[in-house]
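Heads up: the structure comes next, in structure tokens.
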Amino acid sequence: MNIPLKSIESSTGDTFSPGLEGVVAAQTVLSHVDGAAGRLVLRGYQLEQLSGWSFEAVLSLLWRDLAPENLDEAGIRKRLGAAREVAFERMVAALPALDGLSQVEALRLLLSRLPDVEKESHHVVAVASTSVFAAAIARRDRGLEPVRPDASLGHAADFLRMLHGAEQRADKVRALETYLVTVADHGLNASTFATRVIASTQAGLFSSVIGGLCALKGPLHGGAPGPVLDMLDAIGTEGDVRPWLAAALDRGERLMGFGHRIYRVRDPRADALKQAVASLRDNGGRIDFAEKVEVEALALLAERKPLRPLQTNVEFYTALVLEAVGFPRESFTNVFASGRMAGWTAHVLEQDKVGRLIRPQSRYVGPMPA
Ligand code: COA
């Protein structure tokens, strides 16, 4: 059965936009995606200005005047550390229930055990728990026991430590921290919108962010970085870079990690992550190879689609950063969720302040009763 996607003229004069494109569905102080200028702004700071900030500092920025209490970077670091310890204790008994689930399904299950009644610090608990759970789930997939958090460490450092079982090099921690900061918030993307819709019903913060995770899980949203590595692997084993890319385009395929719905110029997040991987070149030549692929891909796309500016997107360098710091590709969506939880929680807090149920309308295009 066909549901019309094109707008059909309505007798009542209402408007319909497929995919809600161009519809402004919220006002926010949190972030602004300027696709024409290739600019991402988080509460008054351009993404480039946040380079070198800790994840805790960005949380402090996003939660400011929205959370019940304003905490600075040090205060958030302390509270996150304590919350990671609680999350670990809660999680252990539930681990056997994860058998047979994908990593993102396992994260969904663990988050769903958090009670919505813990209102005061639920935003802190959500961020802390997501990384504890994501690290334990990744280890479990490899048959390894979970690693207890170290509350004295920064959040990114402890996330990597919980993944590997030992503290990691400062440049790797820095790269993961840059990733978490880079993906912290990004306008009214699908998962953030889903989160806000649920928050607007006053269902509670955990219920809201689990809705966000469910939206992120889809391949059109958070599931893309894995295929970038699949493409790099295929080019590496099957032949030279340019002929491989040209053949893929000849077959009508898309080059993974290029193009974006909103950014018509460079994706500023790709630049931030490109800088973050620059120091991790000991990754078996992967980064040098990927840069060669990027140059050839951009040249070919410019030749083949001269009217369509197709640039490197965030997923290309996400794949390289997360692989270089040791996450398996099956974990990538959960690591994305660990960073985006910053934005989801801030949007829930903001939506709570707005206090208005989100309830759009649909246009009935079915038959009317005789
Ligand atoms: N490789 C090759 N061609 C591409 C392309 C890519 N990565 N991205 C877009 N194009 C081409 C399309 O084939 C289309 O060509 P046509 O007009 O000749 O048919 C044109 O550019 C417009 O494509 P469209 O699907 O309308 O672009 P979009 O802006 O809606 O799509 C993406 C955005 C991200 C879905 C798309 O660029 C894509 O599929 N990229 C690859 C997957 C990826 O990297 N995803 C992560 C996104 S962050």
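The values are calculated or read from the model by the stated rules, or taken from the named source; none is laboratory data. A quick note: this is a predicted structure, and the numbers were derived from the prediction, not measured. With ideal geometry, Cβ positions are generated from the backbone for all residues, glycine too; neighbour counts draw on all protein chains shown.
Per-residue answers, yes or no, for (1) touching a helix residue (DSSP H, G or I) at 6+ places or on another chain (Cβ under 7 Å); (2) crowded, with 19+ Cβ neighbours inside 10 Å:
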{"residue": "Glu69", "(1), (2)": "no, no"}
{"residue": "Arg90", "(1), (2)": "no, no"}
{"residue": "Ala94", "(1), (2)": "yes, no"}
{"residue": "Gln103", "(1), (2)": "yes, yes"}
{"residue": "Ser112", "(1), (2)": "yes, no"}
{"residue": "Val125", "(1), (2)": "yes, yes"}
{"residue": "Ala128", "(1), (2)": "yes, yes"}
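Could you tell me whether Ala302 is crowded, with 24+ Cβ neighbours inside 10 Å and of a type outside the set (Lys, Arg)? So Ala302 fails the test.
Restricting the stretch 41-67 to residues that are touching a Phe, Trp or Tyr at 6+ places or on another chain (Cβ under 9 Å) and not in a helix (DSSP H, G or I), the residue that is surrounded by the fewest Cβ atoms within 10 Å (Cβ to Cβ) is Tyr45.
Exactly one residue out of Ala319, Ala276, Ala270 is away from the ligand (no atom under 16 Å from the Cβ), among the small types (Gly, Ala, Ser) and in contact (Cβ under 8 Å) with a residue 24 or more places away in the chain: that is Ala276. Taken residue by residue, the stretch 340-347 has no member that is modelled with pLDDT of 95 or more and touching a Pro at 6+ places or on another chain (Cβ under 8 Å). Against the conditions (1) of a type in the set (Ser, Thr, Tyr); (2) surrounded by fewer than 18 Cβ atoms within 10 Å (Cβ to Cβ); (3) within 30 Å of Gln27 (Cβ to Cβ), Thr195 satisfies every one except (2).
Kindly indicate whether Glu350 is modelled with pLDDT of 95 or more and within 12 Å of the ligand (Cβ to nearest atom). So Glu350 fails the test.
The condition (being among the small types (Gly, Ala, Ser), within 24 Å of the chain's Cα centre (by Cα) and surrounded by fewer than 20 Cβ atoms within 10 Å (Cβ to Cβ)) is satisfied by just one residue among Gly326, Gly343: Gly326. The condition of being within 9 Å of the ligand (Cβ to nearest atom) and within 23 Å of Gly212 (Cβ to Cβ) holds for Asn313. Does the stretch 116-133 contain any residue that is touching a residue at least 24 places away in the same chain (Cβ under 8 Å), part of a loop (DSSP other than H, G, I, E, B), in contact with a Gly (Cβ under 7 Å, 6 or more places away or on another chain) and among the hydrophobic types (A, V, I, L, M, F, W, C)? No: the stretch 116-133 contains no residue that is touching a residue at least 24 places away in the same chain (Cβ under 8 Å), part of a loop (DSSP other than H, G, I, E, B), in contact with a Gly (Cβ under 7 Å, 6 or more places away or on another chain) and among the hydrophobic types (A, V, I, L, M, F, W, C). Considering the conditions (1) touching a helix residue (DSSP H, G or I) at 6+ places or on another chain (Cβ under 6 Å); (2) in a loop (DSSP other than H, G, I, E, B); (3) crowded, with 22+ Cβ neighbours inside 10 Å; (4) not polar (S, T, N, Q), Leu213 is excluded by exactly one of them, (2).
So that you can scan it fast, the table gives a plain yes or no per residue for (1) part of a helix (DSSP H, G or I); (2) more than 16 Å from the ligand (Cβ to nearest atom); (3) surrounded by 15 or more Cβ atoms within 10 Å (Cβ to Cβ):
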| position | (1), (2), (3) |
| --- | --- |
| Phe159 | yes, yes, yes |
| Arg174 | yes, yes, yes |
| Gly187 | no, no, yes |
| Ser191 | yes, no, yes |
| Phe206 | yes, yes, yes |
| Gly218 | no, no, no |
| Gly223 | no, no, yes |
| Thr237 | yes, yes, no |
| Gly252 | no, no, no |
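Output the residue which, of all residues in the stretch 280-292 that are in a helix (DSSP H, G or I) and surrounded by fewer than 20 Cβ atoms within 10 Å (Cβ to Cβ), is farthest from the ligand (Cβ to nearest atom).
Asp288
Restricting attention to the stretch 293-310 and to residues that are in contact with a helix residue (DSSP H, G or I) (Cβ under 9 Å, 6 or more places away or on another chain) and of a type in the set (Gly, Ala, Ser), the residue that is nearest to the ligand (Cβ to nearest atom) turns out to be Ala297. Candidates Met256, Met231: the one that is under 13 Å from Glu294 (Cα atoms) and either surrounded by fewer than 15 Cβ atoms within 10 Å (Cβ to Cβ) or near the ligand (Cβ under 8 Å from one of its atoms) (or both) is Met256.
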